[in-house]
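Trainee: Got a structure for you, questions after.
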């Protein structure tokens, strides 16, 4: 992707992915889903998860899976509010950029 992914957009993507499951989801699965949208390494994702946890947007709990503990991330109420704000902002921003990029195009 030629466009830089800033921290706010990455936070929005992670919150949206985590919000899809009311019980939360685990780090590796989040990484795989993020990678369907943007190129991202696990070493980039885990600091994002820690920051969102520190900002009280995510709560964390461990659950046993195949004899090991798996760390799960779940949206908090603050995280839901932040995701809603990101969705509103993204809608406005993306419409403006789309309009600007399409303005003057003759192939439509």
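Trainee: Looking at (1) surrounded by fewer than 12 Cβ atoms within 10 Å (Cβ to Cβ); (2) out of contact with any strand residue (DSSP E or B) (no Cβ under 9 Å at 6 or more places or on another chain), can you tell me which one residue 23 breaks?
Mentor: Failed condition: (2).
Trainee: Working only within the range 1-35, note down all residues that are farther than 25 Å from residue 61 by Cβ and under 12 Å from the mean Cα position of the chain (by Cα).
Mentor: 5, 6, 8, 9
Trainee: Any chance you could count how many residues in the range 67-87 are at pLDDT below 95 and more than 12 Å from residue 26 (Cβ to Cβ)?
Mentor: Within the range 67-87, residues that are at pLDDT below 95 and more than 12 Å from residue 26 (Cβ to Cβ) number 1.
Trainee: Does residue 40 satisfy the condition of being in contact with a helix residue (DSSP H, G or I) (Cβ under 6 Å, 6 or more places away or on another chain) and farther than 12 Å from residue 73 by Cα?
Mentor: Here the answer is yes, as residue 40 does meet what is asked.
Trainee: Taking the range 67-84 only, how many residues are surrounded by fewer than 15 Cβ atoms within 10 Å (Cβ to Cβ) and under 13 Å from the mean Cα position of the chain (by Cα)?
Mentor: Of the residues in that region, 2 qualify.
Trainee: Would you check which residues across the range 23-33 are touching a residue at least 24 places away in the same chain (Cβ under 8 Å) and more than 16 Å from residue 78 (Cβ to Cβ) and list them?
Mentor: 23, 25, 26, 27, 30
Trainee: Here is a further query. Check whether at least one residue in the range 43-63 is without any contact (Cβ under 8 Å) to a residue 40 or more places away in the chain, within 20 Å of residue 4 (Cα to Cα) and loosely packed, with under 13 Cβ neighbours inside 10 Å, and report yes or no.
Mentor: yes
The values are calculated or read from the model by the stated rules, or taken from the named source; none is laboratory data. Source: prediction; values computed, not measured. A quick note on method: Cβ atoms are made from the backbone with ideal geometry, for glycine too, and the neighbour counts reach across all protein chains shown.
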